[in-house]
Each structure stands twice: as structure tokens, then as C-alpha cells.
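Worksheet: the structure to be examined is printed underneath.
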Amino acid sequence: MTAEATEVRASRVRQARTLGVARHAYPLWFYLPAAVLFLVFFAIPTFASFYFSLTRWTLFDQEFIGLENYIQFFREPQLYQSFINTLIYGFVTSGLKVVIGLALGVLLTSALVGRNYLRSVIFFPVLVSTIGVGIMFKALLDPFDGVVNGALEVLGITGPGWLTDPNLALLTIAGIDVWKGLGIACLIYIAGLVAIPSEYYEAARVDGASKWAVFKSITLPLVKPATGTVIILSLIGGLRSFDLIWATTGGGPGFSSDVIGSVIYKQYQAGFYGLSTAGNVVLFLVVTAIMVPISLMLNRREVEQ
């Protein structure tokens, strides 16, 4: 083999290697826009929050004070009650969305007249502004002039103070939250239910299985991935909830419906920016500490299935 032929062969090998690297790297460029957005809108603000939580800062000045903000935050008188309220709110809303969402999903995937219209009706509240929903229900549930108590009065029932009774306020807001977010849960369940092969149901009918046996043995196990998704999304939303609570009660009456988010906002309103930033970091860590084990447990069960 001549030197010229050897050089030509080596050149072709180099071109093939370059082409292979280019082909391998080409798909990675499609990740770049998402990576930039993640970096700009999540990674950088997150690390900045961790830093500013260690400072006493304003728009024009900052002073590093270490863990003092965290110490002060954990001395907040209403922190314990707001933490309990956050857990109650998160788990109640998540549980109700799972149960009601599954029931509606089963109903709206059956041979029901007008089911497409009903699907749109159930999903519509998702599209409405949370603040708008809060203001609307604050008017509807007014203990004196509200439509709900007015209707109950016609029936001879004295309506309670839905948003003014300390024992009812948090659960009432949780109910409003379920009404507003139920469309997402229902949509996820509908997607999971229509993906179940119809042959399973046909075989069950041939075997003479009852509707409850079909639901228990076929529908419920095969819809577990959808259930896991609904639990994760609704629980994260419930633990981070703030806007609906603030629009309806502002954390009241008293501090009965305060959650960690509303406590943080009150600190921000008072001008304690570093303290409120530390509270946001604490909330982030709390949500992470709760959701990571739950996510791992749900994923493990899906794999075992």
C-alpha cells in the first residue's frame, strides 16, 4: 500500500469519526433551550435564594448575617400552627382530588350521554384565575349576604360562617381548592383509563365478574400510574398553596387558616425580606423532604406492578 493510499484511508477514518461525533452531538443541541430556561428561571434563582436567606437585604443593600434569619423564622409564634395547617391542607386536597377525580374519570369514560360537555364543565375551573375564584367564593360564602347561606336559609337551615369560623375556614378553602383543581386530576385519570386495553374488560364480562370486581381487579391496579401523578402534583400544589388562602381569608380568622406561604408573605409585607427568603428556603426543604420519599415509594410500587 502506497503512502498516498494510506493517507487517503486515514483521512476517511478521521472524517467518519468526525461525522459520528457530530451525529452523536446533534440531538444534544435540542436540550440547550430547555437547559437555558432551567438555568435562568430555576437554578440561578434557587441558589440566589439560599444566599440571600443568609443576609439582611433590601433592593439596594445587603449584609451577611449567617443563620440569624433562620433562627428568627423558627421563633415565629404562628409557625407551628401554620405548619400543621399546611400539612392538613396538602393531604386533604390531595386525597379528595384522588378519590373524586378517579370517580369522575370512571364516570366520564363510560357510555354517558353528553360526557364531552361534562368533561369541559369539570375542567373549566382550572382555567379561571385563582385570585378570581377566591374573591368569588368569598362573596358566595359570606355568612350574612352570601348566596350559599341565603339558599340554606330558604330551606330553614342556619348556614355557618364558612370562612369566618376558625374551625371551618381551612377546610372550606380546601374544598374550594378541590373544586378548582379537580379538572386536572380528572383529565389525568381519563388518560389513564382510556389506555387500559378493552380486552381485559371483555374477558371479565365473559367470566361474569361484577362491576365492583372489575373496578377492584382491573381498573384500580392499572390506573396506579395516573394515581401517582395526581398525588404528586396535587400534594406539591397543596403544600405550596398561598394565593387562594390569601384571597379568601388572608390567613384568618385570627391565624386559623395560616399556612407557611401566608406566614412568609406577611414577613415580606413587613419589610423583612431576608427573613421571608429564609422562610421560602424552609418551605422548599419541607416540600422536598415530604415529596421525595413519597415519589420514590410510588415509583417503586409501579415497578413492582
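The values are calculated or read from the model by the stated rules, or taken from the named source; none is laboratory data. A quick note: this is a predicted structure, and the numbers were derived from the prediction, not measured. Cβ atoms come from the backbone with ideal geometry, glycine included; neighbour counts cover every protein chain shown. Keep in mind that these areas ignore ligands, DNA and RNA; they rest on the heavy atoms of the full protein, side chains included. Shrake-Rupley method; radii C 1.70, N 1.55, O 1.52, S 1.80 Å.
Can you pull out the residues in the stretch 118-157 that are free of Cβ contacts under 8 Å to residues at least 60 places away in the same chain, of a type in the set (S, T, N, Q) and touching a Leu at 6+ places or on another chain (Cβ under 8 Å)? Across the stretch 118-157, the qualifying residue is only Asn149.
On the basis of being out of contact with any Ser or Thr (no Cβ under 6 Å at 6 or more places or on another chain) and assigned to a helix (DSSP H, G or I), does Ser82 make the cut? Here the answer is yes, as Ser82 does meet what is asked.
In the stretch 156-182, the residue that is surrounded by the most Cβ atoms within 10 Å (Cβ to Cβ) out of those that are of a type in the set (D, E, K, R) and not in a loop (DSSP other than H, G, I, E, B) is Asp177. The listed residues are Glu76, Glu153, and the only one of them that is in a loop (DSSP other than H, G, I, E, B), of a type in the set (D, E, K, R) and surrounded by 11 or more Cβ atoms within 10 Å (Cβ to Cβ) turns out to be Glu76.
Mind telling me which of the residues Ala185, Ala209 ends up being of a type in the set (A, V, I, L, M), open to solvent by less than 20 Å² (accessible area, probe 1.4 Å) and either in a loop (DSSP other than H, G, I, E, B) or modelled with pLDDT of 90 or more (or both)? Show your work before the answer.
Values: Ala209 fails: open to solvent by less than 20 Å² (accessible area, probe 1.4 Å).
Among Ala185, Ala209, only Ala185 is of a type in the set (A, V, I, L, M), open to solvent by less than 20 Å² (accessible area, probe 1.4 Å) and either in a loop (DSSP other than H, G, I, E, B) or modelled with pLDDT of 90 or more (or both).
Considering the stretch 213-305, the qualifying helices (runs of 4 or more DSSP H), each wholly inside and each with 1 or more residues that are open to solvent by 60 Å² or more (accessible area, probe 1.4 Å) and farther than 22 Å from Ala103 by Cα, run over 243-248, 260-269, 273-304.
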